[in-house]
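What follows is a set of notes on a single structure, which appears directly below.
Only the coordinates and a few stated rules stand behind these numbers; no lab work does. Owing to the predicted nature of the structure, the values given are computational and were not obtained by experimental measurement. All Cβ positions, even for glycine, are placed from backbone atoms using ideal geometry, and neighbour counts span all protein chains on display.
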Amino acid sequence: MKKFSLLLLAALLAVSLIGCAPDAPQQYRTEFLGTFDTVVSVIGYADTEEEFSQAAGIVHETFAGLHQLFDIYHGYSGVNNIKTINDNAGLMPVKVDARIIELLQTAKEWHSKTDGAVNVAMGPVLAVWHEYRGTGIASPEDAAVPGAQELAEAAKLTNIGKIAIDEAASTVYIEAGMRIDVGAIAKGYATQAAADALIAAGYDSVLISAGGNVAAVGAPKDGRDKWGVGVKDPQSDLAYSTDDENLLDVAYVSGVSVVSSGSYERYYEVDGVRYHHLIDPQTLFPAAHCIGVTVIAQDSTAADVLSTAAFVLPPEEAMLLIENTEGTEALWVHENGDVTLSSGMAAYLKHIGGATNGA
Amino acid sequence: MKIRLGDILLAAAALAAALLLLFVRAPQDAPAVAVVLRGGEEIARINLQNPETEEVRIDEPGIVIRIEDGRIRFEASSCPDQTCVHTGWLSRAGDIAVCLPNEVIVKVEGGETDDIDVVAE
Amino acid sequence: MMKKKMVQKITISALLVALALALSVAERLLPIGALIPVPGVKLGLANVVTMLALFYIGARGALVVLVLRCLLGGLFTGITAMIFSLSGGLLAFAAMLALKQWHARAFSIFGISIGGAAAHNAGQIIAASLLLGQNLYTTYLPILLLTGLATGVITAAAAGALFIRLEKSGVISRYFPDAHLMMTAERKRA
């Protein structure tokens, strides 16, 4: 009888301690500013707040480091970054960190893969637009459109082949008048670097959003098996909304990256006409094939580059590029509101494709 | 009546277990969504930060739920116990109030819109 | 013709069931829900009857009294309340049965009462959680353990006085031949 009672007591104790079972991992979120001119959000599931803080720390460290290296507007004492390369155009090769070499080489690869649609040597042309845009935003009465002549002159200095990279010496040299602008690739590259660092550190449930450039490491841990990434409606006036009503759709993803490009980002107006920042290398003017693109790719660098490429390329070429790049899907929104999808895109989408997140 | 050693140990154990549970509850961020369930079915989902409504009435049986200042509570109920009403304001993720006789549950869930984590742009 | 013992047993059991029911109704007059806003929190006076039955008429008898009390009580209060009553009562019974093994050596009726009350509350919250499909443990278990502690002590204190009277007066030894005495020392039987 005593033995039985002991057993019974033990069972009762176990039963009453049900309440002590640790809850499922919690979702934590944090954000930081100060890198890549945007806010970087880190969202993840962890058993303790500490565990999550460490992950966020890794992301922050990665972004902060690359921010300095890839900056084209500011110099940092003791650091040779891309601005340094630009400042020494036509003067001398600049010794830089291996990560800059890697970025530029990746950029060159993507230049040929996208048939020149994404070109980090477009700096001179982009600089012209940057200047006019700055004026147009600061004093709208003086807003003006760059002249074709001005742009053509600048376009002469955009040969990516002329970016001389010496891997052994870790130097980069560009000719006088040339300018490297990594805007179309840097954020994606940094996001992927952060994702890689997290994976190396053993994390498997983190979502990074660098100003909307989204990379998923693994999947959520709250019963769902996919993250929900809202696809912004380019025609919506709202700056940001997680309300289903204001989004075009929701992409359910795990382990991939999602990046959007659109005419709603960075624009200025001249006589009521919008001039955005995604310049078509053919026309040297803001691309007008569509008003928004969202790309899902395995790699965040690819997603960033391809979202720009898919936006500035004509529709057929853009579709071909996406279909021919493995593990990549895209969605285009046209001026009239029509939506075009690559063959596998619908499978990711909640409304258009009936995708679910396993909740 | 003699109090024995076992009594004290048992009482201490119960006390310890209770305190442990109270403090081990993970701290939460300010959550945003309150869910009202009736008979197991969701009848309302309210964003506490930007509530769509200030009041949820379930007329039959008579239950009134109030939302105010990012919190939610049972304001009135037709049940004899009034346990649900006495639970008071709920605001943290995991907070829950139950009206057993009427099978109505009000609970607070953490996070924003349940399945959208972030927006790509 | 039923043996006298059998008749005695049945009569006493019936009395205990009635007593437990009466106590359940009586304790509802106390608005303990206002002090401690937890669904199903009670003073647990009926547990005293279970304890009494457990010691004086044995485990089997006590179980019968418990189940009958819950089922009949369900007639007054409804199915859901009956389920909570049963789950709390059964868990309390199991706890008190187990603790009884070390009565007089390790535990007095205080300990047994506390164990019973805590188990009763735990049983109710388990039933509520399962019924509603919600995790109520983290929110309610801490306070239920504490109230179990408190009500256990209170009911033991009150019941103790009753038990002492019953045992000292000889009522128990006369009508409950197989009883384990709770408050007074066991006397060796010849």
Within 10 Å of each Cβ in peptide C:90-103, how many partner chain Cβ atoms are there on average? Round it to a whole number, please. 4
For the pairs C:9/C:100; A:156/A:187; B:2/C:168; A:187/A:350; B:107/C:42; A:232/A:350, note any where the Cα-Cα span goes beyond 18 Å. C:9/C:100; A:156/A:187; A:187/A:350; B:107/C:42
Shielding of A:350-358 by other chains, given as the mean Cβ count within 10 Å, works out to 1
If you count the DSSP beta bridges with both ends in the protein assembly as shown, what percent of them are antiparallel, to the nearest 5? 95
Between residue A:336 and residue A:99, what length in nm is gained on full extension when 0.36 nm per residue of separation is reduced by their alpha carbon distance? 81.2 nm
Just in the range C:33-112: which chymotrypsin sites (Phe, Trp or Tyr not before Pro) are loop by DSSP and have at most 16 other Cβ atoms within 10 Å? none
Rg (one decimal) and Dmax (whole number) from the Cα set of the range B:33-109, in Å, equal 11.0, 33
Under 23 Å from residue A:162, Cα to Cα: lysines that are on another chain or at least 8 residues apart: A:83, A:95, A:108, A:113
Unit charges on C-beta of K, R, D, E only; dipole of the protein assembly as shown, Debye: 7260
With +1 on each Lys and Arg Cβ and -1 on each Asp and Glu Cβ, and nothing else charged, work out how big the dipole of the range C:4-175 is about its Cα centre, in Debye to the nearest 20. 640
Can you list the GluC sites (Glu not before Pro) in the range A:137-211 that are in a DSSP coil and have 11 or fewer other beta carbons within 10 angstrom? A:167
How big, on average over all directions, is the shadow cast by the Cα convex hull of the protein assembly as shown, in nm²? 40.2
Most to least packed among A:293-299, A:110-116, A:224-230, A:332-338 [average Cβ atoms within 10 Å]: A:293-299, A:224-230, A:110-116, A:332-338
Nearest 20 debye, what's the magnitude of the dipole of chain A about its Cα centre given +1 on Lys and Arg Cβ and -1 on Asp and Glu Cβ? 960
Label point distance in nm, residue A:271-residue A:347, each placed 7 Å from Cα along Cα→Cβ: 4.9
Could you please report the charge total around residue B:85, scoring K, R as +1 and D, E as -1 over all other residues with beta-carbon less than 12 angstrom from its beta-carbon? 0
Can you give the FRET efficiency to the nearest 0.05 for residue A:138 and residue B:103, using r as the Cβ-Cβ distance and R₀ = 45 Å? 0.15
Residue C:3 versus residue A:31: modelled label distance in nm, points set 7 Å from Cα along the beta carbon direction: 8.1
Counting other C-beta atoms within 10 Å, which of A:342, C:85, A:257 has the fewest, and how do the rest follow? A:342, C:85, A:257
Can you give the FRET efficiency for residue A:169 and residue A:73, using 1/(1 + (r/R0)^6), R0 = 45 Å, r = Cβ-Cβ distance, to the nearest 0.05? 0.95
Taking neighbour Cβ counts within 10 Å as the exposure measure, how do A:76, A:252 sort from fewest upward? A:76, A:252
I'd like the mean, over residues of C:115-122, of how many other protein chain beta carbons sit within 10 Å of each residue's own Cβ. 4
Rounded to one decimal in nm, the spacing of the 7 Å Cα→Cβ label points at residue C:67 and residue A:131 is 9.4
Dipole check, the range A:82-173, charges on Cβ (K,R +1; D,E -1), about Cα centroid: among A:93, A:152, A:168 the Cα furthest to the positive pole belongs to A:168
Expected output is a single nm value to one decimal: the length gained when fully extending between residue A:176 and residue A:196, i.e. 0.36 nm times separation in residues minus the C-alpha distance. What is it? 3.6 nm
For the range C:4-175, the charge dipole (Cβ of Lys, Arg +1; Cβ of Asp, Glu -1; about the Cα centre) points to a positive end, and the Cα of C:169, C:103, C:63 closest to that extreme belongs to C:169
Extension gain (nm, one decimal) between residue C:105 and residue C:25, 0.36 nm per residue minus Cα-Cα: 25.4 nm
Before anything else, pin down the relative contact order of chain A: Cα pairs under 8 Å, at least 6 apart, normalised by residue count, whole percent. 15
In the protein assembly as shown, if the dipole is taken from +1 on Lys/Arg beta carbons and -1 on Asp/Glu beta carbons about the Cα centre, which of B:82, C:115, B:56 is farthest to the positive end? C:115
